[in-house]
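Engineer: Can you read through this structure? Questions will come right after.
The values are calculated or read from the model by the stated rules, or taken from the named source; none is laboratory data. Just so it is clear, the structure is predicted and the values come from calculations on it, not from any experiment. Cβ placement follows ideal geometry from the backbone for every residue including glycine, while neighbour counts extend to all protein chains displayed. Accessible surface is based on the protein model in full, side chains and every heavy atom, while ligands, DNA and RNA are left aside. Shrake-Rupley method; radii C 1.70, N 1.55, O 1.52, S 1.80 Å.
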Amino acid sequence: STWGSEIVHMARKIVEHNGLTDKVTLIQGKAEEVVLPVEKVDIIISEWMGYFLIYESMLDTVLYCRDKWLVPGGLIFPDKATLHIAAIEDGEYKDEKIGFWDHVYGFDYSPMKKSVLEEPIVDTVDENAVNSSSSCVLEIDITTVKKEDLDFCAPFSIQMKRKDFVHAFLTWFDIEFSCCHKPVVFTTGPFGRYTHWKQTVFYTKEQLTCQKGEWINGMIAVRKNAKNPRDLDIKIEHEFNGQNSKSKATQYYRLR
């Protein structure tokens, strides 16, 4: 195991406490810099996921380790990930977060609204707020994916499940351990159990007024920020031609 933080000292105590010092070797350091006592490994295990799946994630490091050390046909856990998008009704919180700037202690701070809209919110969303189907916008097979594949552009189509307003788009990711004897899957979505990754909310400038069965079509583009690769630049386009409202818009966000 390679460890890049001070917790390695506690890990050594735990290994020793369980009588496994002859079986478990801990190496402290950055994965890109350490020297292993073996040329190749059979399995790589890493909890690499970040918010929005790839924000500040360690996937680049996992791919480096895969290409340098994993034997042909070796296993990676987890080995598959998918990113999903849906629509939500969230008028009360949007008004609290965005509308707040219209009147701040008697002053008009509305120029702030553009900047606030550009910042996605990482938070837990109630499953009842989701009012559309979901669409998968990214599939990652960690055994084959390349670093450049993590900048992506994908279309989406989501269908309204009820008559409702849409105030934002919501994203979450699912993770799969497909190589286990019995495949294991977990979700960070609003219909699953709570995880510290929560979900990511992208508020739209204008609300949509939708009927059940109507479709919202769009595109999401994601890339690392040129000045700070830790940040993500995200563009979401959508087009909606509903019975009660029509909308065609492009919004830019920065996850930082």
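Engineer: Students sometimes get this wrong: rank 185, 62 by accessible area, probe 1.4 Å, all chains present, largest first.
Structural biologist: On the way: 185 95, 62 10 Å².
The residues order as 185, 62, largest area first.
Engineer: How big is the shadow of the Cα convex hull of segment 63-180, averaged over all directions, in nm²? Numbers along the way, then the final one.
Structural biologist: Working: hull surface 42.9 nm².
Its Cα hull, projected and averaged over all orientations, spans 10.7 nm².
Engineer: Note down, for the chain, the three equivalent ellipsoid semi-axes (square root of 5 times each alpha carbon gyration tensor eigenvalue), biggest first, whole angstrom.
Structural biologist: Details: eigenvalues 325, 84, 58 Å².
Its equivalent ellipsoid spans semi-axes of 40, 20, 17 Å.
Engineer: So what's the gap between the Cα centers of segment 161-200 and segment 61-79, to the nearest angstrom?
Structural biologist: 25
Engineer: With all protein chains present, calculate the accessible area of residue 75 using a 1.4 Å probe and round the result to the nearest 10 Å².
Structural biologist: Estimated to the nearest 10 Å², residue 75 gives 60 Å².
Engineer: Hey, can you find the accessible area per residue of segment 102-194 for me, probe 1.4 Å, expressed in square angstrom? Each step should come with its number before you reach the end.
Structural biologist: Working: 5550 Å² over 93 residues.
On a per-residue basis, segment 102-194 sits at 60 Å².
Engineer: Among 157, 190, 10, whose Cα lies farthest out toward the positive end of the dipole of the chain, if unit charges sit on the beta carbon of Lys, Arg (+1) and Asp, Glu (-1)?
Structural biologist: Positive-end residue among those listed: 157.
Engineer: Continuing with the same structure: If you split all Cα-Cα distances of segment 193-256 into 10 Å bins from zero, what percentages do you get per bin, shortest first?
Structural biologist: The percentages, shortest bin first, are 18, 39, 30, 12, 1.
Engineer: How would 180, 153 line up by accessible area, probe 1.4 Å, largest first?
Structural biologist: Numbers: 180 45, 153 90 Å².
My answer, sorted largest first, is 153, 180.
Engineer: While we're looking at this one, here's another question. Assuming 0.36 nm per residue, please report the length gained on full extension of the stretch residue 206 to residue 28 beyond their Cα-Cα distance. Each step should come with its number before you reach the end.
Structural biologist: Working: separation 178, 0.36 × 178 = 64.08 nm, distance 4.99 nm.
Computed gain between residue 206 and residue 28 is 59.1 nm.
Engineer: Now, a different point. Quick one: order 36, 53 from most to least accessible surface, probe 1.4 Å. Walk me through the intermediate numbers first.
Structural biologist: Working: 36 35, 53 0 Å².
Reading off the accessible areas and sorting them downward yields 36, 53.
Engineer: Which value, in debye to the nearest 20, describes the size of the charge dipole of segment 1-78 about its Cα centre when Lys and Arg Cβ atoms bear +1, Asp and Glu Cβ atoms bear -1, and nothing else is charged? Don't jump to the answer; show the numbers that get you there.
Structural biologist: Numbers: 7 positive and 11 negative charges, 35 e Å.
It comes to approximately 160 debye.
Engineer: Of the listed peptides 210-220, 123-133, what is their order by residue-averaged count of other C-beta atoms within 10 Å, with the highest listed first?
Structural biologist: Values: 210-220: 17.8, 123-133: 15.9.
Packing order, densest peptide first, comes out as 210-220, 123-133.
Engineer: Looking at the chain, what % of its DSSP beta bridges pair antiparallel, to the nearest 5? Before the final figure, lay out each step's value.
Structural biologist: Numbers: 60 of 66 bridges.
If I count the DSSP bridges inside the chain, around 90 percent turn out antiparallel.
Engineer: Treat every Asp and Glu Cβ in segment 36-158 as -1 and every Lys and Arg Cβ as +1, leave all other atoms uncharged, and give the resulting dipole magnitude about the Cα centre to the nearest 20 debye.
Structural biologist: Details: 10 positive and 24 negative charges, 100 e Å.
Once rounded to the nearest 20, the dipole reads 480 debye.
Engineer: Cα-Cα over 18 Å: which of 146/224; 94/212; 227/248; 68/227; 212/235; 30/224?
Structural biologist: Working: 146/224 14 Å; 94/212 22 Å; 227/248 30 Å; 68/227 28 Å; 212/235 26 Å; 30/224 22 Å.
In this structure, 94/212; 227/248; 68/227; 212/235; 30/224 exceed 18 Å between Cα atoms.
Engineer: Any idea how far apart residue 219 and residue 136 come out in nm if each label point goes 7 Å out from Cα toward Cβ?
Structural biologist: Roughly 2.2 nm, to one decimal.
Engineer: A further question follows. What do you get for trypsin sites (Lys or Arg not before Pro) in segment 14-99 restricted to DSSP loop and a cutoff of at most 15 other Cβ within 10 Å of the site's Cβ?
Structural biologist: Details: sites: 23, 30, 40, 66, 68, 80, 94, 97; in loops: 23, 30, 40.
Answer by residue number: 23, 30, 40.
Engineer: Just want the answer: with Cβ charges of +1 for Lys and Arg and -1 for Asp and Glu, which residue in 65, 121, 217 is farthest toward the dipole's positive end in the chain?
Structural biologist: 217
Engineer: Any idea how far apart residue 41 and residue 110 come out in nm if each label point goes 7 Å out from Cα toward Cβ?
Structural biologist: Those two pseudo-labels are separated by 5.6 nm.
Engineer: Using a simple charge model, +1 on the beta-carbon of Lys and Arg, -1 on the beta-carbon of Asp and Glu, nothing else, what dipole does the chain show about its Cα centre, in debye to the nearest 20?
Structural biologist: In total the dipole reaches around 160 debye.
Engineer: Next question, about the same structure. Loop only per DSSP, at most 16 neighbouring Cβ atoms within 10 Å: give me the chymotrypsin sites (Phe, Trp or Tyr not before Pro) in segment 104-142, ordered by residue number.
Structural biologist: On the way: sites: 105, 107, 109; in loops: 105, 109.
Answer in residue order: 105, 109.
Engineer: Mind checking the full-extension length gain between residue 154 and residue 235? Use 0.36 nm per residue of separation minus the Cα-Cα distance, one decimal, nm. If you can, show how the numbers build up before the last one.
Structural biologist: Values: separation 81, 0.36 × 81 = 29.16 nm, distance 1.06 nm.
Gain in length upon complete extension: 28.1 nm.
Engineer: Still on this structure, please answer the following. Hey, what's segment 61-100 come to in accessible area per residue, 1.4 Å probe, Å²?
Structural biologist: For segment 61-100, the solvent-accessible area averages 42 Å² per residue.
Engineer: Further, regarding this structure: Would you mind counting up the charge near residue 225? Only other residues with Cβ under 14 Å from its Cβ, with Lys and Arg at +1 and Asp and Glu at -1.
Structural biologist: Details: positive: 223, 224, 227, 230, 235, 254, 256; negative: 56, 118, 119, 151, 231, 233.
Charge balance near residue 225 sits at +1.
Engineer: Given the DSSP H assignment, sum -39500 (n - 2.57) over each helix run of at least 4 residues in the chain and divide by its residue total; what's the result at 222 nm in deg cm²/dmol, nearest 500? Working shown, then result.
Structural biologist: Numbers: 4 runs with 34 residues, N = 256.
Per the formula, -3500 deg cm²/dmol.
Engineer: Oh, and also: Considering only protein heavy atoms, what is the solvent-accessible area of residue 64 at a probe of 1.4 Å, reported in Å² to the nearest 10?
Structural biologist: Only protein atoms counted, so the area is about 80 Å².
Engineer: Considering only DSSP states other than H, G, I, E and B, which trypsin sites (Lys or Arg not before Pro) in segment 114-176 qualify as loop sites with at most 14 other Cβ atoms within 10 Å?
Structural biologist: Numbers: sites: 114, 146, 147, 161, 162, 163; in loops: 146, 161, 162, 163.
Passing sites in segment 114-176 are 146, 162, 163.
Engineer: Right, another one. Grab the eigenvalues of the alpha-carbon gyration tensor for segment 1-80, scale each by 5, take roots, and send me the semi-axes largest first in whole angstrom.
Structural biologist: Details: eigenvalues 99, 56, 29 Å².
So the three semi-axes of segment 1-80 are 22, 17, 12 Å.
Engineer: What FRET efficiency comes out for the pair residue 254/residue 181, r = Cβ-Cβ distance, R0 = 41 Å, nearest 0.05?
Structural biologist: Values: r = 42 Å, r/R0 = 1.03.
Once the sixth-power term is evaluated, E becomes 0.45.
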